[in-house]
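First comes the structure, then the notes that go with it.
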Amino acid sequence: MIRGTDTPAVLAESAQSAAATVRELSPLARAIAAEPVSQMISPVVLAGAMRAIEFLLIATVGAAVYGTAVYPVEGFDWRYVFAGLAIAGAAVVAFQLFDLYSPTAFRTQVYQLSRLTLAWTIVFLIALALAFFIKFEDTFSRSWTAGLYAVGLAVLLADRLILTSLVRQWARAGRLVRRVIIVGGGREDETLVKALNNEADSDLRICGVFDDRG
């Protein structure tokens, strides 16, 4: 039902009044809105890509060590293929449990490299224990096992060093950032803002501080 007061003239006048009461953005707000936006990199996509890359790296290292140290002597054996894929999958799961696929871990060196070495070693210790109890210890070549552990660890460490360098570059370029809003005020929040701004290669960007106090 249309009321008599909802005429085009009344509606136009109401629209003009509403437009007149709209507050304009401040110069600072306009400057922030006009900042160019870099092409963002999703942390979820990056973590998924790293899982796939490291799985393929480990499987490739296993195949390379097998082709170099075992195949010329024993010939082809499917057991090494399955064992290499199993170790690659177990390593990715272990890295996930050790929180090595988070943006925070990607930006650090000592933290992620030490935990990666520990996780990789645990995977091999568990694999060796299973092989012993199932009586498979004489089935696989010791040179293949030792080569996969040593070469695989070296490749994974190099992979993580390259990743850390890339992630820090992306963070500085604004492509891999997490936007943060701080609610509150006072000396504690001021200290927090200064600490976040002074953090090297931080992926946190403070968009604003809101405080309802005078």
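The values are calculated or read from the model by the stated rules, or taken from the named source; none is laboratory data. Keep in mind that what you see is a predicted model, and the values were worked out from it rather than measured. Here the Cβ positions follow ideal geometry from the backbone for every residue, glycine too, while neighbour counts run over all protein chains shown. Keep in mind that these areas ignore ligands, DNA and RNA; they rest on the heavy atoms of the full protein, side chains included. Shrake-Rupley method; radii C 1.70, N 1.55, O 1.52, S 1.80 Å.
Within the bounds of region 87-106, is there any residue that is farther than 30 Å from Trp170 by Cα, in contact with a Gly (Cβ under 9 Å, 6 or more places away or on another chain), open to solvent by 40 Å² or more (accessible area, probe 1.4 Å) and not acidic (Asp, Glu)? No, region 87-106 contains no residue that is farther than 30 Å from Trp170 by Cα, in contact with a Gly (Cβ under 9 Å, 6 or more places away or on another chain), open to solvent by 40 Å² or more (accessible area, probe 1.4 Å) and not acidic (Asp, Glu).
The condition of being of a type outside the set (D, E, K, R) and either assigned to a loop (DSSP other than H, G, I, E, B) or closer than 19 Å to Thr139 by Cβ (or both) holds for Gly84.
Let's see how each residue does on (1) at pLDDT below 95; (2) out of contact with any Asp or Glu (no Cβ under 7 Å at 6 or more places or on another chain); (3) over 27 Å from Ser42 (Cβ atoms); (4) of a type outside the set (Gly, Ala, Ser):
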{"residue": "Phe76", "(1), (2), (3), (4)": "yes, yes, yes, yes"}
{"residue": "Val93", "(1), (2), (3), (4)": "no, yes, no, yes"}
{"residue": "Thr108", "(1), (2), (3), (4)": "yes, yes, no, yes"}
{"residue": "Val155", "(1), (2), (3), (4)": "no, yes, no, yes"}
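Are any of the residues in region 167-177 closer than 26 Å to Leu85 by Cα, modelled with pLDDT of 80 or more and touching a helix residue (DSSP H, G or I) at 6+ places or on another chain (Cβ under 9 Å)? No. Tell me which of these Ala29 doesn't satisfy, since it passes every other one: (1) at pLDDT below 75; (2) open to solvent by 70 Å² or more (accessible area, probe 1.4 Å). (2) is the only condition that Ala29 fails. The set of residues in region 40-69 being over 19 Å from Gly84 (Cβ atoms) and polar (S, T, N, Q) consists of Ser42 alone. Would you call Thr117 open to solvent by 40 Å² or more (accessible area, probe 1.4 Å), at pLDDT 95 or above, β-branched (Val, Ile, Thr) and in a helix (DSSP H, G or I)? Yes.
Within region 160-183, residues that are on the phi > 0 side of the Ramachandran plot have Cβ atoms under 6 Å from residues that are at pLDDT below 75 and open to solvent by less than 80 Å² (accessible area, probe 1.4 Å) in these pairs: Gly174/Ser38, counting only partners at least 6 apart in sequence or on another chain. Residues in region 121-150 that are assigned to a helix (DSSP H, G or I), under 18 Å from Ala90 (Cβ atoms), open to solvent by 70 Å² or more (accessible area, probe 1.4 Å) and out of contact with any helix residue (DSSP H, G or I) (no Cβ under 8 Å at 6 or more places or on another chain): Leu125, Leu130, Phe132, Phe133.
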